[in-house]
Amino acid sequence: MHTPEALSTDDPHGHTGLEFAHHFDDWQQEYQSKSLGMWLFLVTEVMFFGGMFLVYMVYRYQFTPAFDASSRLLNLWAGAINTVVLLASSFTVALAVHAAHLGNRKMLVRLLAATLLLGVVFLGIKAYE
Amino acid sequence: MSAEDKNQPTAAQLAAPSLPKKHYLNSRYSPGSWLLTKDHKRIGLLYLMSITFFFFIGGAAAVLFRLELMTPQGELQPDTYNKLFTLHGITMVFFFLIPAIPAVLGNFLIPIMIGARDLAFPRLNLLSWYLYMVGGAFTIYVMLAGGVDTGWTFYTPYSSTYSNTYVMATAVGIFITGFSSILTGLNILVTVHKMRAPGMTWFRLPLFVWSNYATSLIMVLGTPVVAIAILLVAIERGFGIGIFDPRLGGDPILFQHLFWFYSHPAVYIMVLPAMGVVSELVATFSRNRVFGYRFVAFASVAIAVLSFLVWGHHMFVSGQSIYEGMVFSFLSFLIAIPSAIKVFNWTATLYKGTVTFDTPLLYAAGFIGLFTVGGMTGLFLSALAVDVHVHDTYFIVAHFHYIMVGGTVMAYLGGIHYWWPKMTGRMYPELWARISAVLVFVGFNLTFFPQFILGYLGMPRRYHVYPDGFQVLNVMSSAGASILGFAYLFPMCYLLWSLKYGKPAGDNPWNAIGLEWQTTSPPPTENFTKTPIVDYEAYAYPGSIIH
């Protein structure tokens, strides 16, 4: 994992030339910690919405005809377009992360702006629905 | 250099221990250096103060209703009584027991025990304290506004249809506090995975770290589910959408499933870290390696996993099918195995150890006895037939207080005494502390043992009146509560006294093994002047057998 030599340095910031927070030994440790933390956060999201989906499943099973009838009220076009908008915004934000890794600031700002715009469009369609 | 050499006190320490010149407490003094601190030790102390505050609020409510229960007809209005036991349950469970050990001792100790400079995400750590305080502020608001009367369990339809009290505000407060414990759990998991010092392998981790790791798994997996359950109650109350109300097509039992899917594991959030504390105390004060280290470590993880599979035992009499009941009953029996492994292994550690009865060990011994009683009565409750007789009686109240108060609070107090010299640099007065440990034990048993009998005789929980025949046992219980109340105030007084007048402790007053005892007391801001390198097993006391 970490070599004792890398740890014994008294100046944690000067070692690799890359920035990292003072309590980490090197930037790899910081990067790995942050991605593990993000995965764990996603786990909590799965559990959070899992509870909601469970409730949905129970009632869908109990009241199948009512769910069937209400599904016919769906505006297919609005729903389909909104799905595309949502997925596209995930794509632009993923590209933004990539741009940040490359240090391409201009691209990063543009992609984040595009993500924001798609988010507004999503909310707009939801309001219309 | 072997572990023994490192932990022998040096001649200078033996002469006259003194406080280090520069440490985390005196490095800066401004209020901002506390309120915006990212130091895990200072955040641990912030938690210690706020948790103590909520503990005494919850305790005050208990004093009031124990007074009421001295006489069969009581003095309080039934509504007031309902609000008091709800206040007691909510503050004790969500604002004291769940965060107590992970957020105070865990926060302070885990980075030091694994040889790190801080938790992986210091800012998130501070945020989680603020979320806790915001959630706590809601609870205070609810109290001032007039209280809530649903019980800490928020069962629908009490909480959705029939309550006219401040359910929404309470729900929001608990929802927010839930995120505080999710963040603490996430932080501990990442820290244990990624921040261990060189040589600190998984099987060299102190068992306190293992049990907090298992606790954090439950916090991360379970808390979101109770958050959504409480949110759904709020949606039903606020917008009249029939999620749990049968008149609108909802199902009230579904709430119980969602609630207990978290809240049963939450019981293990409370007791697992306590078991970790007891492992440390037993090892130090018997000067012996914890017997069957790996079994104890894996028992924590086994408890965390099994805890998610037993929630149905809260619904044996709620119309659940007999097959479900049998499966949940069997799984509830299974979880007794890892718990019993721990109890037997602590006992085996004490056996042939060199035992000294300092205050922390008195608390740990109290824990082992009371936890065993609490656990064994848990087996009564997980038996389908017996549960029908004692369900929703004082038997169950006694059972879970033996686990939560006899278990968790004993271990918490033991841990506070054990690590007090590390946190503050000063020793507490040993004689007073031993008296308080004995008082807690006596007061606790006098309070809760009569409740087993009351419940078995048929006194239901959450009633403000009872038949005359139950008065003797109720008076015993209230008398015990008055001893217990005093025994909890007492340590707060002498611990505060020791901040100024306690003897300087030195780095390792217990002559214990573990990284936290290798740094100064109190530790410097970044815990160690040089990252430690670990080349020995946990609890490598001279003469103990290492497998």
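Distances longer than 17 Å among the Cα atoms of the range B:108-229: what percent of all pairs is that?
When every Cα pair of the range B:108-229 is considered, 62 percent fall beyond 17 Å.
Roughly how much accessible area, to the nearest 100 Å², goes out of reach of solvent when A and B pair up, both sides summed, probe 1.4 Å?
Counting protein atoms only, the buried area is about 2700 Å².
What is the helix-to-structure angle for B:122-145, meaning the angle in degrees between its Cα long axis and the longest Cα principal axis of chain B, kept from 0 to 90 and rounded to the nearest 10?
Relative to chain B, helix B:122-145 is tipped by roughly 40 degrees.
Relative to the isolated chain, which residues of the range B:244-267 have their accessible area cut by 20 Å² or more in the presence of all protein chains (1.4 Å probe, heavy atoms, no ligands or nucleic acids)?
B:G249, B:D251, B:L254, B:L258
Starting from the Cα gyration tensor of the range A:45-86, take the square roots of the eigenvalues, sort them a ≥ b ≥ c, and report rounded, prolate or oblate (rounded when a/c is under 1.5, otherwise prolate if a/b is larger than b/c, else oblate).
oblate
Tell me the net charge near B:P206. Cut-off is 12 Å between Cβ atoms, B:P206 excluded, with +1 for each Lys or Arg and -1 for each Asp or Glu.
0
Long-range amide H contacts for B:R426: which residues qualify at under 5 Å (H placed 1.01 Å from N, peptide plane, sequence gap of 5 or more or a different chain)?
When sequence neighbours closer than 5 places are left aside, the close amide H contacts are B:A505.
Angle between the Cα long axis of helix B:322-334 and the longest principal axis of chain B, 0 to 90 degrees, nearest 10?
On a 0 to 90 degree scale, this one is about 20.
Enumerate the helices in chain A for which the Kyte-Doolittle hydropathy averages 1.0 or more and the C-alpha atoms extend at least 20 Å along the helix's axis, using complete DSSP H runs.
Working: long enough: A:27-62 (52 Å, 0.30); A:76-102 (39 Å, 1.54); A:105-128 (35 Å, 1.43).
Sorted by number, the helices that extend far enough and score high enough are A:76-102, A:105-128.
Say the dipole of the protein assembly as shown comes from +1 at the beta carbon of Lys and Arg and -1 at that of Asp and Glu; which of B:F328, B:F470, A:F49 then lies farthest toward its positive end?
Value: A:F49.
If the only charges are +1 at each Lys and Arg Cβ and -1 at each Asp and Glu Cβ, what is the size of the charge dipole of the range B:342-494 around the Cα centre, to the nearest 20 debye?
380
Find how many whole Å separate the alpha carbon centroid of the range B:475-547 from the alpha carbon centroid of the range B:386-403.
Cα centroid of the range B:386-403 versus Cα centroid of the range B:475-547: 34 Å apart.
Relative contact order of the range B:290-403: what whole-number percent is it, with Cα pairs under 8 angstrom and at least 6 residues apart?
On the way: 83 pairs, mean separation 35.3, N = 114.
The value is 31 percent.
Considering only protein heavy atoms, what per residue accessible area in square angstrom results for the range B:208-278 with a 1.4 angstrom probe?
The answer is 22 Å² per residue.
Using only Cα atoms, figure out Rg for the protein assembly as shown and give it as a multiple of 2.2 N^0.38 Å.
Cα Rg divided by the expected 2.2 N^0.38 Å: 1.01.
Taking only protein heavy atoms and a 1.4 Å probe, what accessible area per residue, in Å², does the range B:17-174 have with all protein chains in place?
On the way: 6010 Å² over 158 residues.
Heavy-atom SASA per residue in the range B:17-174 reads 38 Å².
Ignoring ligands, DNA and RNA, what percent of the accessible area of the protein assembly as shown is carbon or sulfur (1.4 Å)?
Values: 21100 of 29770 Å².
Answer for the protein assembly as shown is 71 percent, counting heavy atoms of protein chains only.
Please list, in chain and number order, the residues 5+ apart from B:T393 or on another chain whose amide H is under 5 Å from its amide H, with Hs placed from the backbone.
HN-HN under 5 Å from B:T393: B:R461.
Can you give me the relative contact order of chain B as a percent, contacts being Cα pairs under 8 Å and 6 or more apart?
Dividing the mean separation by the residue count of chain B yields 21 percent.
Would you mind finding the longest exposed-site-free stretch of chain B, with exposed trypsin sites (Lys or Arg not before Pro) meaning DSSP loop and at most 15 other Cβ atoms within 10 Å?
B:29-351
In the range B:249-311, which chymotrypsin sites (Phe, Trp or Tyr not before Pro) fall in coil by DSSP and have 11 or fewer other Cβ atoms within 10 Å?
Values: sites: B:F255, B:F259, B:W260, B:F261, B:Y262, B:Y268, B:F285, B:F291, B:Y293, B:F295, B:F298, B:F308, B:W311; in loops: B:F291.
Taking the range B:249-311 and a limit of 11 other Cβ atoms within 10 Å, no loop chymotrypsin sites (Phe, Trp or Tyr not before Pro) are found.
By the scheme Lys and Arg +1, Asp and Glu -1, what is the net charge of all other residues having a beta-carbon under 12 Å from that of B:M427?
So the surrounding residues net to +1.
For the range B:364-502, what does the accessible surface come to per residue with a 1.4 Å probe? Please give it in Å².
Ligands and nucleic acids excluded, the figure is 38 Å² per residue.
Over the range B:88-198, what relative contact order in percent results from Cα pairs under 8 Å that are six or more residues apart?
Contact order relative to length: 42 percent.
The values are calculated or read from the model by the stated rules, or taken from the named source; none is laboratory data. Fair warning: this is a prediction, and the values are worked out from it, not measured in the lab. Neighbour counts run over all protein chains shown; Cβ positions are idealised from the backbone, glycine included. Areas reflect the complete protein model, heavy atoms only, side chains present, ligands, DNA and RNA absent. Shrake-Rupley method; radii C 1.70, N 1.55, O 1.52, S 1.80 Å.
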